[in-house]
Amino acid sequence: MLKEAGQYDAKLLEQNIHKFWDEIDAYSQVREQRTKGPKFFFVDGPPYTTGRIHLGTAWNKIIKDSILRYKSMNGFHVLDRAGWDMHGLPIEVKVEGVLGFKSKKDIEKYGVGNFVAKCKEFALSHRDEMTLQFQNLGVWLNWKDPYMTLRDEYIEAAWWTLKKAHEKKLLEKGLRVVNWCPRCETAIADSEVEYSEVSDPSVYIKFPIVGEENTYIVIWTTTPWTIPANIAVAVHPSFEYVKVRAVKNGKEEFLIMAHELLKNVLKQGRYQEHEVIETILGEDLKIAYKAPLGHKVPKQNEFPHNVYMADFVTAENTGCVHIAPGHGIDDFELGMKHKLPIFCPVGPDGKYTEEAGQYKGMNVKEANKTIIDDLTENGLLLASGKISHRYGNCWRCKTPIIYLATEQWFLRVTDIKEKMLDEINKVKWYPDWAGSARFADWVRGSRDWCISRQRYWGIPIPVWVCDFCGEIEVMGTMEELKNRSAVKDLSDLHRPYVDNIHIKCRKCENRMSRVPDVFDVWFDSAVASWATLNFPRDEKTIKEWWPADFITEGHDQTRGWFYSQMGASMVSFGKAPYKSVLMHGFTLDTEGKKMSKSLGNVVSPDEVISKVGAESLRLYVLSQNAPWDDLKFSWDEVGTVHRMLNILWNVYRFPLPYMILDNFNPVDSDEKLASLPLRLEDRWILSRVNSLIKKVETAMSEYNLHKATRPISEFILEDLSRWYIQLIRPRTWREANDPDKLAAYYTLYEVLVTLTKVMAPFAPHLTEEMYGNLVRNIHPDAPQSVHMCNWQPAKEKFIDVELEKRMDVIREIVEASSNARQKLKRKLRWPVKRIVVAPKNEIVIEAVLSLESVLKEQTNAKEIVSLKTGETWDQLGVEVLPNHAALGPAFKKDAGKVIAQLKSADGRAIKKSILETGSFELKAGVITADMVTFKDLIPPAIASAIFSAGDVYVDTELTREIESEGYSREVIRRIQDMRKELDLAVEEEIRAAVEIKDDRVAVLVLEMKDFIAGEVRAKSLMIGPEVEVDGELVKDWDVEDVKMRMGIGR
RNA sequence: GGGCCCGUAGCUUAGCCAGGUGGAGCGCUCGGCUGAUAACCGAGAGGUCUUGCGUUCAAAUCGCAACGGGCCCA
């Protein structure tokens, strides 16, 4: 049997549903039930296990959940292991913070094994916390058996991939300039560099030219600390350079720089006068210079210093670029091209090494000042100031990065770039530009991928190098390492356990040792699509599932996971690891600014859930905007969604008491719907809900979640709540087993059950609750959960597009008539004599004709009249407006008389005659069409309003009958109000008495006594000018200036 | 500096691809309803469609540029 429902309490409801899901293990049942269906392989982009989830992560998982629920209902066998990204520097930094560590030395002292254990503990505990938070959102993924990057089988997937890269000669060790964090003492990826505005030195330095007395080439830099590593100067081959004689305080010197930048440089150096001596094209600038700090850095004196040409030189500052191949990417490439020494006198801790001579031991950033002082001292500083610009920081510890030339391991993805671009085209991107424009652009500009990190908590790079001959071998699996090393007991593939395993070199039989590095953490998630299938340990599953059918992440993952997966997959399998990608946006604050702790504008999912529940949050993020647009969070809009759900809940619970009272038991509802006398409004709502299904299907086929959810809200508010429920109300409180009432019951029941299925993917809690009552309480053998139901396709037999159109017209007319009523302040409770519709087209006539009863009821009109198209209602008066400009010349001095006669004549007759014959005869003369214009005159008791396809006239003239009914309804409303106050049950009968202190009104109301008694369920009812009023509740009322006293009791 | 996306009423947005009088919701003001009631419904006010230039008979819509925001890169 159906049960009544109380007010909508989202939190309580959601808690109960979560409990219910746990009890029956709903998730597992749903997935198992679909194992025979077509496969749908989804790979969860693994969130990083630090701290709590934020709104963006919540949105991400809600999108995933909704799509997977939809796919599952549509019969797909969904594979969806949740994923966790658990390695890497972010966790190391957090753990270092907890332990109060400042540098790698602290970690070494503490013991790598202990440190790694702490990192693991941190990752696992945060995984548990975050799992709960995701579950609170109602997100269904395989939480029991998630993939975790710290598991041995996952590590093997990464190892196997690297071995593939090695086999395909795409793995390379080399000296490269990398982004280096001097605090973390490791290389970091381009994607781990975060830019911020900082103030740095801006210095102009003069490099003395060899063989030319008092002549210098001028360079500019923001990093004076790289000057000890200077090896060359670069100029643009096609720029024009000049040699200038410049004078400052009576001293002259000769400077070389780009011609167009001359003025600025001389101003910077405060030269008082100058003269261009010579103009030279960049490509002809063949000069050597002396190291500016040779006296401090002896090693510098061993290197040649020359000027080279480079296209990357821009016409900024001096047009001459200081080149330190050990400290810059362009510098390094220029150095390689000209076989220059890659001089890098800086250690991993960001301090100068032995090679930096007198600067040894100094922190480079702190050395800036010393170097500027030293240059001043030897007269080579032209100018020194400050500049505010964007500079890269380590995204985790915020330390400014430096560029260092170091030995690193690289994946040569640039070799397979073209193939990667081909694969991008084969992937279906939502929206299209995410792939064709954004991702393709990123891939085109990508460089070789530096995959090594000099850290501890990560997947150890499985490369063993021979201590003697340098031979390289890559271990692809744990098994392989065991066999090659004869270490039988290998329980953990992390550092430090793998660090001490040695193998014998195949070439020279000497000892091989593992390189100490770990993987860039992006490499971990890069292998997720096969790691989640337990490949390479399990070689069978991958054949059945891979590649992924679908992934979805935020647009920041273009450079991140979309790319890392693509790269790793191209290396391993030579094709894209996913078939379709939905790229979604970011969550921003109401201002459109990003949410960040420092701005204090962060809204957490928990905060939203605690206020309005997860369901409102879900529908809010799904419907607010297109998935790929950024979402500006707004509490107001969340509130609006919550209100919509509340209305749905009220719509759902409204009929329950009546249905229960009537023992409504819709076991054979299909049959009943076919046999009961459905009204047109019943057929209409059935048509609407089935049209809705089609809309949702169309939107979901393109993952347009906003276009799927918005029509659902609209249906609930406009069609169900504001219209259908209003229409059927009188039918629901009819007492007998009336087929007309049953038709409404069965229709509403069908609509609500259909709606729960359409909404289930998006609002899994609310629909589960409704389903439990509406379906499970009636059919005990129905699927246990709405999420076990099949998607219900639209029932075409119910769809009637014409009817939908006609109902739209009726709704417009009703709106217009209530607008008109308002003009004359006539309440809806008071019937009106008639409503006249002047239609613009035939559809309106058909609509009024076929849906007259609906129109009558909703407008509370005694009669509905529809005119023909173009017909003027004959009750309207016509005002004739004389056209003086035409009448004057035509009638001259009689014009005044004509005008007077026009005013007193019957306007309607004039209009009719003019329209039919073109003229009208007055006593004073014949007037023609050009002499007059007409205006409709609306009688005082009539109000009009327009709608899109015509006019509506409401005749509010009072008749005895109307007054009688109007006052009666006033009485009824007040008695109902009192019933409410006494908290009476709907079906409970009362005794009532009404004293009306106006004889005329008392008589009018008395005429409706039976009607009133029926409406208020009164077994006895007394009405009259002098009635004794008593009972449990007695109240005095003022009804339209008539004093009434009413009393009711059981 | 470059790539991609976004900019419409006080707020959140539809319309833009396929040019032809800008639609909603929230909020506000006024009113209605009172057997969904700590609910619900109607009406009204409110828009230089970020700005400028161009294409066109016609531009929110197409093109170019600028400005502001987001993500990514340099």
Using unit Cβ charges (K, R positive; D, E negative) and no other charged atoms, how large, in debye to the nearest 20, is the dipole of chain A about its Cα centre? 1100
Zone reached by a paramagnetic label modelled 7 Å from residue A:260 Cα along Cα→Cβ, restricted to region A:306-336 with backbone N below 17 Å, covers A:310-321
Compute the long axis of helix A:417-426 from its Cα atoms, compare it with the longest principal axis of the Cα atoms of chain A, and write down the angle in degrees, 0 to 90, nearest 10. 10
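Please give the contour-minus-distance gain from residue A:988 to residue A:869: 0.36 nm per residue of separation, less the Cα-Cα distance, rounded to one decimal in nm. Show your work: numbers first, answer last.
Values: separation 119, 0.36 × 119 = 42.84 nm, distance 5.02 nm.
Length gained between residue A:988 and residue A:869: 37.8 nm.
How would you classify region A:499-570 from its alpha-carbon gyration tensor, with a ≥ b ≥ c the square roots of the eigenvalues: rounded for a/c under 1.5, else prolate if a/b is greater than b/c, otherwise oblate? Present the calculation step by step, with values, prior to reporting the outcome.
Values: a/c = 3.44, a/b = 1.75, b/c = 1.96.
Oblate, since a/c reaches 1.5 and b/c is not below a/b.
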Sorting A:783, A:558, A:742 by the position of each Cα along the dipole of chain A (Lys, Arg +1; Asp, Glu -1; all at Cβ), the one nearest the positive end of that ordering is A:558
Cross-link candidates for residue A:163: which lysines have Cα within less than 22 Å, leaving aside residues fewer than 8 places away along the same chain? A:173, A:417, A:419, A:482, A:488, A:504, A:507, A:540, A:543, A:575
Nearest 10 degrees, 0 to 90: what angle lies between the long axis of helix A:561-572 and the longest principal axis of chain A (Cα atoms)? 60
For residue A:238, the accessible surface traced by a 1.4 Å probe with all protein chains present amounts, in square angstrom to the nearest 10, to 80
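Find out how many positive minus negative residues lie around residue A:236, taking Lys and Arg as positive, Asp and Glu as negative, among other residues whose Cβ is under 10 Å from that of residue A:236.
Details: positive: none; negative: A:240, A:283, A:311.
Value of the local net charge: -3.
Around residue A:291, under 10 Å between beta carbons, what's the net of Lys plus Arg minus Asp minus Glu among the other residues?
Values: positive: A:290, A:296, A:299; negative: A:302.
Result for the neighbourhood of residue A:291: +2.
Can you put A:524, A:556 in order of accessible area, largest first, using a 1.4 Å probe?
Values: A:524 0, A:556 65 Å².
Accessible-area ranking of A:524, A:556, largest first: A:556, A:524.
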Note, ³J(HN,Hα) from phi for region A:978-983, Karplus 6.51, -1.76, 1.60, rounded to Hz, x at Gly and Pro: 6, 4, 4, 4, 7, 6
accessible surface per residue for chain A, probe 1.4 Å, DNA/RNA/ligands not counted, whole Å² -> 43
What percentage of the solvent-accessible surface of region A:621-799, computed with a 1.4 Å probe over protein heavy atoms, is contributed by carbon and sulfur atoms? 47
Over 38 Å [Cα-Cα, chain A], rounded percent: 65
Would you pull out the residues with amide H under 5 Å of residue A:865's amide H, same chain only if 5 or more places away, H placed 1.01 Å from N? A:835, A:836, A:837
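Taking every pair of distinct Cα atoms and averaging 1/r, then inverting, what Kirkwood hydrodynamic radius in Å comes out for region A:969-1040?
Values: mean 1/r = 0.0808 Å⁻¹.
It works out to 12.4 Å.
Give me the percent of the accessible area of region A:1-45 that comes from carbon and sulfur atoms, probe 1.4 Å, all protein chains in place. Write down the numbers at each step before the final one.
Numbers: 1230 of 2540 Å².
Roughly 48 percent of what the probe reaches on region A:1-45 is carbon or sulfur.
What per residue convex hull volume, in Å³, comes out for region A:877-937 when only alpha-carbon positions are used?
Numbers: hull volume 4.0 nm³, N = 61.
Cα convex hull per residue, to the nearest whole number: 66 Å³.
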Scoring only Lys, Arg, Asp and Glu (+1, +1, -1, -1) among other residues with Cβ under 12 Å from the Cβ of residue A:94 yields -1
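Round to a whole number: what % of the accessible area of region A:960-1049 belongs to carbon and sulfur, probe 1.4 Å? It would help to have the intermediate numbers written out before the result.
Working: 2000 of 4640 Å².
Carbon and sulfur: 43 percent of the exposed surface of region A:960-1049.
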Rounding to the nearest 10 and keeping the result within 0 to 90°, find how far the Cα-based axis of helix A:152-167 lies from the longest principal axis of chain A. 60
Return the lysines within reach of residue A:903: Cα separation strictly under 29 angstrom, same-chain partners fewer than 8 residues apart disregarded; answer none if there are no such residues. A:823, A:868, A:892, A:893, A:911, A:912, A:923, A:935
Evaluate E = 1/(1 + (r/R0)^6) for residue A:407 and residue A:738, where r is the Cβ-Cβ distance and R0 equals 60 Å; express this FRET efficiency to the nearest 0.05. 0.10
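Give a quick list of GluC sites (Glu not before Pro) in region A:662-762 that DSSP marks as loop, anything other than H, G, I, E or B, with at most 13 other Cβ atoms within 10 Å.
Values: sites: A:671, A:681, A:697, A:702, A:714, A:718, A:735, A:750; in loops: A:702, A:735.
Those that pass, being in a loop and sparsely packed, are A:702, A:735.
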Could you tell me which of A:628, A:158, A:656 has its Cα farthest along the dipole of chain A towards the positive end, charges placed at Cβ (Lys, Arg +1; Asp, Glu -1), taken about the Cα centre? A:158
Accessible-area ranking of A:897, A:39, A:286, largest first, probe 1.4 Å: A:286, A:897, A:39
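Can you work out the FRET efficiency for the pair residue A:625 and residue A:957, with r the C-beta to C-beta distance and R0 = 35 Å, to the nearest 0.05?
Working: r = 51 Å, r/R0 = 1.45.
Efficiency, from the Cβ-Cβ distance: 0.10.
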Inter-label distance for residue A:1038 and residue A:433, nm, one decimal - labels placed 7 Å from Cα along Cα-to-Cβ: 6.3
Amide H of residue A:932: which non-local residues (sequence gap of 5 or more, or other chain) have their own amide H closer than 5 Å, using H built in the peptide plane? A:883
Using just the Cα positions, wrap region A:201-394 in a convex hull and report its mean projected area in square nanometres, one decimal place. 10.6
Bin width 5 Å, alpha-carbon pairs only: give the P(r) of region A:927-1050 as whole percents, running from 0 to the bin holding the largest distance. 2, 10, 18, 17, 12, 9, 7, 7, 6, 4, 3, 2, 2, 2, 0
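GluC sites (Glu not before Pro) within region A:484-592: which are DSSP loop residues with at most 12 other Cβ atoms inside 10 Å?
Numbers: sites: A:509, A:539, A:544, A:553, A:591; in loops: A:509, A:539, A:591.
When the GluC sites (Glu not before Pro) of region A:484-592 are filtered for loop state and at most 12 Cβ neighbours within 10 Å, A:509, A:539, A:591 remain.
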Using only helices, what value at 222 nm comes out for chain A when you add -39,500 (n - 2.57) per DSSP H run of length 4 or more and divide by the total residues, to the nearest 500 deg cm²/dmol? -12000 deg cm²/dmol
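The values are calculated or read from the model by the stated rules, or taken from the named source; none is laboratory data. Because the structure is predicted, anything quoted here is derived from the model rather than measured. Neighbour counts run over all protein chains shown; Cβ positions are idealised from the backbone, glycine included. Keep in mind that these areas ignore ligands, DNA and RNA; they rest on the heavy atoms of the full protein, side chains included. Shrake-Rupley method; radii C 1.70, N 1.55, O 1.52, S 1.80 Å.
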